[in-house]
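Peer 1: One structure coming up, written as structure tokens, with questions to follow.
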Amino acid sequence: MSTLAENAMKAGVNMELVMDDGKVQVALMLDRLKNAKVLPIRDDDILLCTYPKSGTHWTWEILNMIVAGKAEYAKHWQNSTWLEYRTKEELETLASPRILHTHLRPSQLPETVWYKGCKVVYVTRNPKDCVVSSYNQLSKQVWKDNPAGKASYTGTWDDFIEFFLKGCIPPVPYFEHAIEWTNISEAKKDFEICRVHYEDMKQDCVREIRRMADYLGRPLSDKTYYDISEACSLMNLKHANEKLKDQTYHFQWQDGASGYFRKGITGDWKNWFTVAQSERFDKVYKERLNETFPY
Ligand code: A3P
């Protein structure tokens, strides 16, 4: 019988997937995950933790501006601070306070995160919008150095939703991620996490920036919050990322498509899901998370 990983590859996930501890994993991540678990963490590290496509780039830039105390773009690409992708040596070169981002589950993080007094900002988004965003990215994304010239996903939209629900869409299974992050406050009672929702940032970005700044113990003026919110609008951020930043760690895509700054709206899923697909999603969501789909 085929494994979930094999089925996903047959249906159009063009990455080498393997089963690891009962979960689908990208093969080249196995060593990286082992390394990530023992990375040295600093007392003043700030971790930005997200499920992919939840607004990681957006929030990362906001956090950088809060720490800088002004609406000035960080010079480096956020991928240079990607916890599970960079080596220990690469992360060591970053100046404190480091703003590291990660898609890992709490149990995959270095254990010291919970004892060092670091700050953790956890961002969530309507998972149906994440699926759409992820599908758009993976079905367009062809790495510049990929000789086969194939996108990361070449299957159907319907299969994509199914594989998402089964935890086969890289880099992390959605429900395991959501369950662990939901339960972490109970598991680490003395640890305060700043929970942020993409939808709230869309509704009132200034308010959410202020909340993050207060959590980090770095309050700023109202004008600075406003300036940060403006500098981090979708179009401004897209321009900064494509034109102003050092591109060293920017993934290069063949047609120049950027899945990182696409539509930037809430509710795009309604343009993609059929009623049947949406009902199936809600059903699995309820079974897995034991709650009615909240969006
Ligand atoms: P869409 O594909 O729905 O447009 P991540 O950074 O975690 O990969 O998330 C990418 C998603 O966040 C994309 O969603 C992208 O357009 C959206 N995004 C990026 N910057 C944004 C901003 N400043 N405001 C709103 N959405 C933004």
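Peer 1: Which of PRO294, TYR225, PRO40 sits farthest toward the positive end of the charge dipole of the chain, with +1 on the Cβ of Lys and Arg and -1 on the Cβ of Asp and Glu?
Peer 2: Positive-most Cα among the choices belongs to TYR225.
Peer 1: Just to verify a number: FRET efficiency for MET15 and THR156, C-beta to C-beta distance, R0 = 22 Å, to 0.05?
Peer 2: 0.80
Peer 1: Follow-up. May I ask you to compute the full-extension gain from ASP246 to GLU291, defined as 0.36 nm times their residue separation minus their alpha-carbon distance, rounded to one decimal in nm?
Peer 2: Here the answer is 11.9 nm.
Peer 1: Just the number please: accessible area per residue for the chain, 1.4 Å probe, all protein chains included, in Å².
Peer 2: Ligands and nucleic acids excluded, the result is 47 Å² per residue.
Peer 1: Which of rounded, prolate or oblate describes region 90-149 when judged by the alpha-carbon gyration tensor and an a/c cut-off of 1.5?
Peer 2: oblate
Peer 1: Given a 1.4 angstrom probe, I'd like the percentage of the accessible area of the chain that is carbon and sulfur, rounded to a whole number.
Peer 2: Looking at the chain in its full context, I get 51 percent from C and S.
Peer 1: Would you mind telling me which residue in ALA148, ALA187, ALA231 has the biggest mean-square fluctuation in a Gaussian network model of the chain, where springs connect alpha carbons within a distance under 10 angstrom?
Peer 2: Looking only at ALA148, ALA187, ALA231, the largest GNM fluctuation is found for ALA148.
Peer 1: Run the helix sum for the chain: -39,500 (n - 2.57) per DSSP H stretch of 4+ residues, divided by residue count, reported at 222 nm to the nearest 500 deg cm²/dmol.
Peer 2: Result for the chain, helices only: -12000 deg cm²/dmol.
Peer 1: Here's something else I'd like to know. Mind checking the dipole of region 4-264: about its Cα centre, +1 per Lys or Arg Cβ, -1 per Asp or Glu Cβ, Debye to the nearest 20?
Peer 2: That gives a dipole near 340 debye.
Peer 1: What are the equivalent ellipsoid semi-axes of region 131-287, built from the alpha-carbon gyration tensor (square roots of five times its eigenvalues), in whole angstrom, biggest first?
Peer 2: They are 29, 25, 16 Å, listed largest first.
Peer 1: Can I ask one more? Return the distance in nm (one decimal) between the two label points of a simple spin-label model at LEU94 and GLN203, each offset 7 Å from Cα along Cα→Cβ.
Peer 2: My value for the distance between the label points is 3.0 nm.
Peer 1: Between LYS34 and SER107, how many nm apart are label points set 7 Å from Cα along the C-beta direction?
Peer 2: Distance between label points: 1.9 nm.
Peer 1: For the chain, what is the largest minus smallest coordinate of the Cα atoms on each principal axis, given in angstrom and ordered from greatest to least?
Peer 2: 56, 43, 38
Peer 1: How high is the relative contact order of the chain, in percent, with contacts defined as C-alpha pairs under 8 Å that are six or more residues apart?
Peer 2: Here the relative contact order equals 25 percent.
Peer 1: State which entries of LYS37/LYS243; LYS53/LYS286; LYS37/LYS238 exceed 27 angstrom in Cα-Cα distance in the structure shown.
Peer 2: LYS37/LYS243; LYS37/LYS238
Peer 1: Any chance you could count the Lys pairs in region 70-217 whose alpha carbons are under 24 Å apart, treating pairs 8 or more apart or on different chains as valid?
Peer 2: So the count works out to 18.
Peer 1: Ordering SER134, SER233 from largest to smallest accessible area (1.4 angstrom probe), what's the sequence?
Peer 2: Descending accessible area places them as SER233, SER134.
The values are calculated or read from the model by the stated rules, or taken from the named source; none is laboratory data. Model, not experiment: these values are computed from the prediction. Neighbour counts run over all protein chains shown; Cβ positions are idealised from the backbone, glycine included. These accessible areas exclude ligands, DNA and RNA; they are computed on the full protein's heavy atoms, side chains included. Shrake-Rupley method; radii C 1.70, N 1.55, O 1.52, S 1.80 Å.
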